[in-house]
Amino acid sequence: MERAEPPAAAYERRVLLSAAQHCYLRVRLELPDGAARPGAPQLKQLVVAALRELHGEVGAALPVDVLAYEEKSLSAILRVVSSGLVKLWSALTLQGFYQNRRCAFRVLQTSPFLLALAGNSRELVLD
């Protein structure tokens, strides 16, 4: 007698890569002491210039918004479409000069949710 194989279970595999339309980055610009500190419009120009330098005009056309900028600490929250996250991150990482002086962008946090950038558990101080 032959054994009948049970029917294979039918299932559908669904992979959701990124449900969010935008990604948010908390970045900090590091400049040498005594260097001119950029305002929010200059920071946006620096980001677009970094995208243009690495990815050309296609990269410069990537919609990037500066949602918040703190000139004192040179930190900002940027919003970019999810498909452009890698382009933006790589352009910021390779940006090396601001007004002919050395600089560096540090990506501190990234998230598909803006609320996730509201607090940082590593900087939490308990009384």
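The values are calculated or read from the model by the stated rules, or taken from the named source; none is laboratory data. Predicted, not measured: the structure shown is a model, and the values here were computed from it. Don't worry about glycine lacking a Cβ; one is built from the backbone with ideal geometry, like all the others, and counts go over all protein chains shown. Heads up: the accessible areas ignore ligands, DNA and RNA and are worked out on the full protein's heavy atoms, side chains in. Shrake-Rupley method; radii C 1.70, N 1.55, O 1.52, S 1.80 Å.
Of these, Asp33, Asp65, which one is outside any helix (DSSP H, G or I) and either open to solvent by less than 50 Å² (accessible area, probe 1.4 Å) or in contact with a Leu (Cβ under 8 Å, 6 or more places away or on another chain) (or both)?
Working: Asp33 fails: either open to solvent by less than 50 Å² (accessible area, probe 1.4 Å) or in contact with a Leu (Cβ under 8 Å, 6 or more places away or on another chain) (or both).
Of Asp33, Asp65, the one residue that is outside any helix (DSSP H, G or I) and either open to solvent by less than 50 Å² (accessible area, probe 1.4 Å) or in contact with a Leu (Cβ under 8 Å, 6 or more places away or on another chain) (or both) is Asp65.
Among the residues of region 90-112, write down those that are in contact with a Cys (Cβ under 9 Å, 6 or more places away or on another chain) and open to solvent by 100 Å² or more (accessible area, probe 1.4 Å).
Quick first cut of region 90-112, residues in contact with a Cys (Cβ under 9 Å, 6 or more places away or on another chain) only: 95-97, 110-112.
Across region 90-112, the qualifying residue is only Phe97.
In contact with a His (Cβ under 7 Å, 6 or more places away or on another chain), buried (at least 16 other Cβ atoms within 10 Å of the Cβ) and in a helix (DSSP H, G or I): is that true of Ala50 in this structure? Write out each step before concluding.
Details: in contact with a His (Cβ under 7 Å, 6 or more places away or on another chain): no; buried (at least 16 other Cβ atoms within 10 Å of the Cβ): yes; in a helix (DSSP H, G or I): yes.
Here the answer is no, as Ala50 does not meet what is asked.
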Report task. Find all pairs meeting these conditions: Cβ atoms under 7 angstrom apart; at least six residues apart or on different chains; first residue within region 85-112 and touching a residue at least 60 places away in the same chain (Cβ under 8 Å); second residue assigned to a loop (DSSP other than H, G, I, E, B) and open to solvent by 40 Å² or more (accessible area, probe 1.4 Å). Result -> Gln99/Ala36; Arg101/Pro32; Arg102/Pro32; Gln109/Asn120; Pro112/Ser18
Report task. Look at Arg79 and say whether it is surrounded by 14 or more Cβ atoms within 10 Å (Cβ to Cβ) and either among the basic types (Lys, Arg) or in contact with a Gly (Cβ under 7 Å, 6 or more places away or on another chain) (or both). Result -> yes
Report summary line: Taking region 68-98 and keeping only residues that are under 13 Å from the mean Cα position of the chain (by Cα) and in a strand (DSSP E or B), one is left with Ser75, Ala76, Ile77, Leu78, Arg79, Val80, Val81
